[in-house]
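Let me begin by presenting the structure, written as structure tokens, before commenting on it.
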Amino acid sequence: MALLAVLGYPIRHSASPVMHNAALRALDLPNRYIAIEVRPEELHETLKKLHSLGFKGLNVTIPHKEAAARHATQLSKEAEAIGAVNTLKRLGDGWAGYNTDVAGVLGCLSPLIGKGFGGAMVLGAGGSAAAAIYALWRIGEDRVVLANRSRERAEALARRVMDRLGLRVDVVGLGEAGEKASSVEVIVNATPLGLTYHESPIEAGYLNCSHKILDMVYSPSPTPLRKAAEAAGATYVDGVRMLVEQGAEAFKIFLGAEPDKSLMEKAVRSWLALRGGSR
Ligand code: NDP
């Protein structure tokens, strides 16, 4: 039985095993998906060990996405442009790296927006913010506002994106995100605000009913951003949908089979509700 796993530190909070195992059982596949806690300094050795143990595929999450890109033998074009990997597929002599967060963002936002939509703002400048910017570029956006706590990190990401994709990125501080909201239609929260810090990155007063908001945070729900979006009548997509969309894409890469996304979503929401993390 070839195994699959998610690697992270910490990893106890991850809903990926519940979600993937539900999809594997439904398709009657013999694989099982487990969570493995891996400290940053252990990543390289762990990847070698899991390869020799015959693991078929891996997801990597915080804090390993950028390091995993460096350890991969080959990279998909998204993973190369973003410089981060969240999915590794076993090759004969190593791992092929992919970034399915791009498909996650596309799966969440594409049904909500038409061509030439009214601009986008990404909050955060880490690996998932980079994936969100790449996805917005794929949808046809040529200019994005990037709001982050650390200006230096945001400017480094902006330079990379402008060089590689030709996309214009306007960097602002996270404190200015509210005021910038009126100039965009789409807002992606790619910070952990709401997960580890119980505050919304944007207050309700800055939002309106034409906003489409993707919040990558999925627990505890309702997040402060969700409350703000609902108070303003904005369209809100939560991090569970993002988790399912990126997970379904990883599942296809691992096994070449189409998983049942509604069943994956149900499994995650039930698990979160049992843990008291979702309404
Ligand atoms: P990174 O650690 O790479 O980046 C985190 C970003 O959040 C940085 O820009 C950082 O700012 C900012 N940040 C961290 N803490 C704070 C704070 N207290 N106040 C303001 N800004 C803060 O993380 P990722 O990009 O990989 O992930 C970001 C979030 O998205 C995580 O919560 C993760 O769980 C979630 N996520 C969810 C997915 C899903 O499937 N639902 C998929 C991928 C990510 P600075 O540069 O100043 O440090």
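The values are calculated or read from the model by the stated rules, or taken from the named source; none is laboratory data. The shown structure was predicted, so the numbers you read here are calculated from the model rather than taken from an experiment. Heads up, the Cβs are rebuilt from the backbone with ideal geometry, glycines too, and the neighbour counts pull from every protein chain shown. Note: accessible area is taken over every heavy atom of the protein model, side chains too, but ligands, DNA and RNA are not part of it. Shrake-Rupley method; radii C 1.70, N 1.55, O 1.52, S 1.80 Å.
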Fill in: Relative contact order of the chain, defined on C-alpha pairs under 8 angstrom at six or more residues apart (%)
17
Response to the item:
Diffing the range 112-129: the Karplus 3J(HN,Hα) column from phi (6.51, -1.76, 1.60, θ = phi - 60°), in whole Hz with x for Gly and Pro, holds 9, 10, x, 5, x, 5, x, x, 9, 10, 10, 9, x, 9, x, x, 6, 5
Worksheet item: How many percent of DSSP beta bridges within the chain run antiparallel, rounded to 5?
Response: 20
Item to complete: With the full set of protein chains in place, find how many percent of the accessible area of the range 102-237 is carbon and sulfur; take the probe as 1.4 Å.
Response: 49
Fill in: Probe 1.4 Å, all protein chains present, accessible-area order of M1, M162, largest first
M1, M162
Worksheet item: When the dipole is taken about the Cα centre of the chain, and only Lys, Arg (+1) and Asp, Glu (-1) are charged at their Cβ, what size is it in debye, to the nearest 20?
Response: 480
Worksheet entry | Karplus-derived 3J(HN,Hα), 6.51/-1.76/1.60, for each residue of the range 220-237, Hz, glycine and proline x | x, 10, x, 6, x, 5, 4, 4, 5, 5, 5, 4, 8, x, 6, 7, 10, 10
Fill in: Residue-by-residue Karplus 3J(HN,Hα) for the range 39-56, coefficients 6.51, -1.76, 1.60, Hz, glycine and proline x
6, x, 6, 9, 4, 4, 5, 4, 4, 5, 5, 5, 5, 6, 7, x, 4, 8
Item to complete: Rounded, prolate or oblate: pick one for the range 139-279, where a ≥ b ≥ c are the square roots of the eigenvalues of its C-alpha gyration tensor, a/c under 1.5 means rounded, and failing that, prolate if a/b is larger than b/c, else oblate.
Response: oblate
Fill in: Residue among L174, A257, M216 farthest towards the positive dipole end of the chain, charges placed on Cβ
A257
Practice prompt. State to the nearest 20 debye the size of the charge dipole of the range 102-237 about its Cα centre, where the only charges are +1 on K and R beta carbons and -1 on D and E beta carbons.
Written response: 320
Fill in: For V237, residues with placed amide H under 5 Å, excluding near neighbours
I213, L214, D215
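Under the 0.36 nm per residue contour assumption, what length would be gained going from the current alpha-carbon distance of C209 and L3 to full extension?
Value of the extension gain: 69.7 nm.
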Worksheet item: Rounded to the nearest 10 Å², what accessible area does V18 show when all protein chains are kept and the probe is 1.4 Å?
Response: 40
Practice prompt. Diagonalise the Cα gyration tensor of the chain and give the resulting equivalent ellipsoid semi-axes, square root of 5 times each eigenvalue, largest first, whole Å.
Written response: 30, 22, 16
Fill in: Extension gain (nm, one decimal) between L27 and D93, 0.36 nm per residue minus Cα-Cα
20.9 nm
Worksheet item: What order do Y206, Y236 take when sorted by accessible area (1.4 Å probe), most exposed first?
Response: Y206, Y236
Practice prompt. Mind checking the per residue accessible area of the chain for me, 1.4 Å probe, whole number of Å²?
Written response: 44
Worksheet, complete the sentence: Note on the range 102-237: contact order normalised by length, alpha-carbon pairs under 8 Å, 6 or more apart, percent, works out to 23
Worksheet, complete the sentence: With +1 on the Cβ of every Lys and Arg and -1 on the Cβ of every Asp and Glu, the dipole magnitude of the range 204-279 about its Cα centre, in debye rounded to the nearest 20, is 240
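Sorted by average packing, counted as other Cβ atoms within 10 angstrom per residue and highest first, what order do 97-104, 7-14 take?
Sorting 97-104, 7-14 by mean packing, highest first, produces 97-104, 7-14.
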